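Peer 1: My questions will all concern the structure given below.
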Amino acid sequence: MEKNEKWFLGGTCGKTLWRDELIPLLEKRKIDYFNPLIKGRGWNKSDEENEYIEKNEKCNVHCFVITPEIKGVFSIAEIVNSCWEVKTNTNVVKFVYFIILGYFDRKMYRSLEATMRLCYNIAGNKVKILKLNKIQELFN
C-alpha cells in the first residue's frame with residue numbers, strides 16, 4: 001500500500017454502524033478517507049457529484065463493506081467496477097477491499113462468494129477479500 005492512502009468507504013448504508021467503527025481505526029493509523037454517507041438529510045445532486053470526484057479522482061483505496069442490512073445491488077456493482085478500474089488503471093484507485101461483515105444466509109453467501117471470485121479473477125492481488133465478524137479484525 002502507498003504512504004498517502006485515501007480510502008473511499010463504500011458499501012452497505014442504512015442503520016449499519018461499520019463506518020462509525022472503521023473511521024476511528026483509520027484515524028488512529030492516520031489514513032485519510034472519504035465517507036459518502038450523509039446523515040440527517042436527504043441525498044442531493046451535489047452529494048452525488050462530490051462522491052464521484054472523491055471516489056474516482058482522490059481515493060486510491062476503495063473499501064466496500066457488505067453487511068446483511070444491504071438493500072440494493074449498487075454497492076456490489078461498485079465493487080466490480082472498482083476491480084476493473086484497478087486492472088485497467090482508469091483512475092487513481094490502486095487497491096480494493098471487498099469485506100463481508102456479519103452473518104448471511106447460505107443462499108446469499110453463495111452469491112457473494114461467486115462475486116468475490118469474479119472480483120479476484122478481475123483484479124487478482126489488487127483486491128483483498130475478507131470475511132469478518134467485526135470490522136476491527138481488518139487491521140489484525
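Values quoted throughout were computed directly from the atomic coordinates according to the rules given, and no laboratory measurement underlies them. Only a predicted model underlies this, so the values are computations on that prediction, with no experimental measurement involved. Neighbour counts run over all protein chains shown; Cβ positions are idealised from the backbone, glycine included.
Peer 1: What span do the alpha-carbon atoms of the chain cover on each of the three principal axes, reported in whole Å from largest to smallest?
Peer 2: 37, 36, 32
Peer 1: Quick one: 3J(HN,Hα) in Hz for region 84-89, Karplus 6.51/-1.76/1.60 with θ = phi - 60°, rounded, Gly and Pro as x.
Peer 2: 5, 5, 4, 5, 9, 6
Peer 1: Still on this structure: Within the set 28/126; 45/107; 28/131; 28/107; 30/107, which residue pairs have Cα atoms separated by over 32 Å?
Peer 2: Those over the limit are 45/107; 28/107; 30/107.
Peer 1: What does the charge count near residue 104 come to, summing +1 for each Lys or Arg and -1 for each Asp or Glu among other residues with Cβ under 12 Å from its Cβ?
Peer 2: Taking every other residue near residue 104 into account, the sum is +1.
Peer 1: Around residue 131, which amide H atoms from residues at least 5 apart in sequence, or from another chain, sit under 5 Å from its own amide H, with H modelled in the peptide plane?
Peer 2: Result for residue 131 returns 100.
Peer 1: If you average the alpha carbon positions of region 122-140 and of region 44-101, how far apart do those two centres end up, in angstrom?
Peer 2: Value for the Cα centre distance between the two parts: 14 Å.
Peer 1: Right, something else. Quick one: what are the phi-derived ³J(HN,Hα) couplings along region 102-107, Karplus 6.51/-1.76/1.60 with θ = phi - 60°, whole Hz, x for glycine and proline?
Peer 2: Using θ = phi - 60°, the values come out as x, 9, 10, 5, 4, 5 Hz.
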